[in-house]
Amino acid sequence: MSSAQSFLLLLALLVACSSAVPTEKKQRAVDKGLSDLEHEEDGDHNADYDHDAFLGHEDKKTFDQLSPEESKDRLAIIVRKIDKDGDGYVSEDELKDWIQYVQKRYIINDTDRMWKDHQPDEDNMLTWPAYQKRTFGYEDDPNEKGSRTEAYADMINRDRRRWEQADKNKDGRLSKEEFMDFLHPEDAEHMREIVVMETIEDIDKDKDGQIDIEEYIADMWPNRENAEEEPEWVKSERKQFVDYRDKNKDGKLDRHEVKEWIIPEDFDHAKAESRHLIFETDSDKDGKLTHEEILDKYDLFVGSQATDFGEALTRHDEF
């Protein structure tokens, strides 16, 4: 949701004098991966992405800086959990399973929190009118003339479209499992077309249904007006667009090309991240990690702040 849309939503809610809780921004799949953060930042590897992938970044909580000794002690607890067979090594599969678990835990916890907040009915189902009232503050049709601003109606219609796609049995209500698909469409096979549509709508400023190279760069580099010259990582992204993203070389990304960009069928985020962590940590290059190798590179795995590391270790019984 853009800042302008957020302002319009807030204004409309104030006018309606409603106690509704606005819906949270639902990240595009291209933003999601294993973290809301980019894996590369200004052309350099972003270590915070690794921290999110390995530990999770639930609720965006920030914790006080830990000493190296405390970090290692707490990391050792997690490493023993990852080493499922207890052989003293963390394999690529064990590390991948852990990363997938962390990601799934975030999705489940987020769904649990939002499900309780939206107060399902006596059948433990959630209806669209109840969701719309709780999220936007009223139940009437946003498309009725004079009902609400155009931007406000667009937001509701966009949620409604996603809702109908998540409603597998088409009964007009969402179960908790369907609500999970609604909140996190990037993780559900049947929601992928919705993710592609929303991505194009967010980036396609001239509304021609496609993404040209300037729209592509503007989305990745929103503060470009303040820069004196284009940094190298932006030049690299331009080359990526021309050489790899734009398959038919027409200067724009259509729906099929956007889908290949944000949801590549042959790419496994967890596998790629586990291989990256092993490559950076495996000092003897045997393809697996000893507990000592991980602890020696503790900062790669846990960082020092802006992660939920301290919180995670207070919940170590959940691992």
*Can you figure out the FRET efficiency of D254 with D299, using R₀ = 51 Å and their beta-carbon distance, to the nearest 0.05?*
0.75
_Length released on extending from Y89 to D123, taking residue separation times 0.36 nm less the Cα-Cα span_ = 7.5 nm
*How many Å³ per residue does the convex hull of the Cα positions in the range 139-261 occupy?*
150 Å³
*Give the peptides 262-268, 90-96, 194-200 in descending order of average Cβ contacts within 10 Å, highest first.*
194-200, 90-96, 262-268
_For a 23 Å ceiling on Cα separation, which of these pairs sit above it: K84/K104; K84/K288; K247/K271; K96/K252?_
K247/K271; K96/K252
*Where the centroid of each part is defined by its Cα atoms, how far is the range 86-109 from the range 281-297 in Å?*
17 Å
_Theoretical gain in end-to-end length, K235 to R113 [0.36 nm per residue, Cα-Cα removed]_ = 39.8 nm
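Every read-out reported here was derived from the displayed coordinates using simple, explicitly stated rules and does not represent laboratory data. These numbers come from a predicted model, not from an experiment. A quick note on method: Cβ atoms are made from the backbone with ideal geometry, for glycine too, and the neighbour counts reach across all protein chains shown.
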